[in-house]
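Worksheet: one structure, shown below.
The values are calculated or read from the model by the stated rules, or taken from the named source; none is laboratory data. Given the structure is predicted, the values throughout are model-derived calculations rather than measurements. Please note: Cβ atoms are built from the backbone with ideal geometry, for glycine as well, and neighbour counts cover all protein chains shown. Heavy atoms of the whole protein, side chains included, go into the accessibility calculation; ligands, DNA and RNA do not. Shrake-Rupley method; radii C 1.70, N 1.55, O 1.52, S 1.80 Å.
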Amino acid sequence: MNQLNALLASSHRFVHAVMALEAGWLHTAAVPARTAFFTFAADVEKTLELLAAALRGAHVQLNEFPDLREDHRVLVQSGDQKIERYALVNVETDRIVNSLNTLREQVIARVRASTAR
């Protein structure tokens with residue numbers, strides 16, 4: 001039960017970060033999306049697909065997951081940090097990285113534990 005609660009907490013943290021991005025976009029001036037954001041978003045999607053596949057029983061290796069922390073580093077270094085929307089994205093994407101990296105560790109541990117039985 002503790003494992004499931006931890007998975008739920010990590011997934012909630014992810015959803016809250018996405019919701020904060022959406023809410024923030026309504027209250028900040030529009031600016032062009034940074035190229036690095038598209039890479040980040042694609043890698044977040046790939047991470048979610050791999051997590052779902054692992055939970056469905058597919059054999060997923062850790063090295064298949066994109067490096068979200070590196071994507072975030074590149075994102076933060078792009079664009080003017082003083083632009084409010086970029087600052088918002090930088091903060092919330094950090095939360096997304098933390099939550100998905102934690103969720104990845106939790107899912108892999110759960111899958112390994114269930115296949116070891």
| Which value, in Å to one decimal place, does the Kirkwood hydrodynamic radius take for region 47-103 when every pair of different Cα atoms is included? | 12.6
| note | Relative contact order in percent for the chain (Cα pairs under 8 Å, 6+ apart) equals 44
| Spin-label model distance (nm) - THR28 vs ARG56, 7 Å beyond Cα toward Cβ | 3.3
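Using 0.36 nm per residue, how much length does the chain from LYS46 to GLU84 gain when fully extended, once their Cα-Cα distance is taken away? Don't skip to the end; give the middle numbers.
Numbers: separation 38, 0.36 × 38 = 13.68 nm, distance 2.76 nm.
That pair, LYS46 and GLU84, stretches by 10.9 nm at full extension.
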| Relative to the first principal axis of the alpha-carbon coordinates of the chain, what is the inclination of helix 2-26, with its axis defined by its Cα atoms, in degrees from 0 to 90 and to the nearest 10? | 20
| said: Placing +1 on the Cβ of each Lys and Arg and -1 on the Cβ of each Asp and Glu in the chain, which of PRO32, VAL91, VAL107 has its Cα farthest towards the positive end of the resulting dipole? | reply: VAL107
| field | Between helix 68-77 and the chain: long-axis angle, C-alpha atoms, 0 to 90°, nearest 10 | value | 10
| request: Please give the contour-minus-distance gain from VAL15 to VAL74: 0.36 nm per residue of separation, less the Cα-Cα distance, rounded to one decimal in nm. | output: 19.0 nm
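In deg cm²/dmol and to the nearest 500, what is the mean residue ellipticity at 222 nm of the chain if only DSSP H runs of at least 4 residues count, each as -39500 (n - 2.57), divided by the residue total? Mind showing how you got there, number by number?
Values: 4 runs with 89 residues, N = 117.
About -26500 deg cm²/dmol.
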| query | What's the angle, to the nearest 10 degrees (0 to 90), between helix 35-55's Cα axis and the longest principal axis of the chain? | reply | 20
| message | Give me log10 I(q)/I(0) at q = 0.11, 0.12, 0.18 Å⁻¹ for the chain, Debye formula, one equal scatterer per alpha-carbon, no solvent. | response | -0.40, -0.47, -0.91
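Of the accessible area of region 30-92, with the probe set at 1.4 angstrom, what percent is carbon plus sulfur? Kindly include the intermediate steps, with their values, before the conclusion.
Values: 2210 of 3810 Å².
The C+S portion of the solvent-accessible surface of region 30-92 is 58 percent.
How many Å² of accessible area per residue for the chain, probe 1.4 Å? Walk me through the numbers before you get to the answer.
Values: 7280 Å² over 117 residues.
Spelled out: the 1.4 Å probe surface of the chain, per residue, equals 62 Å².
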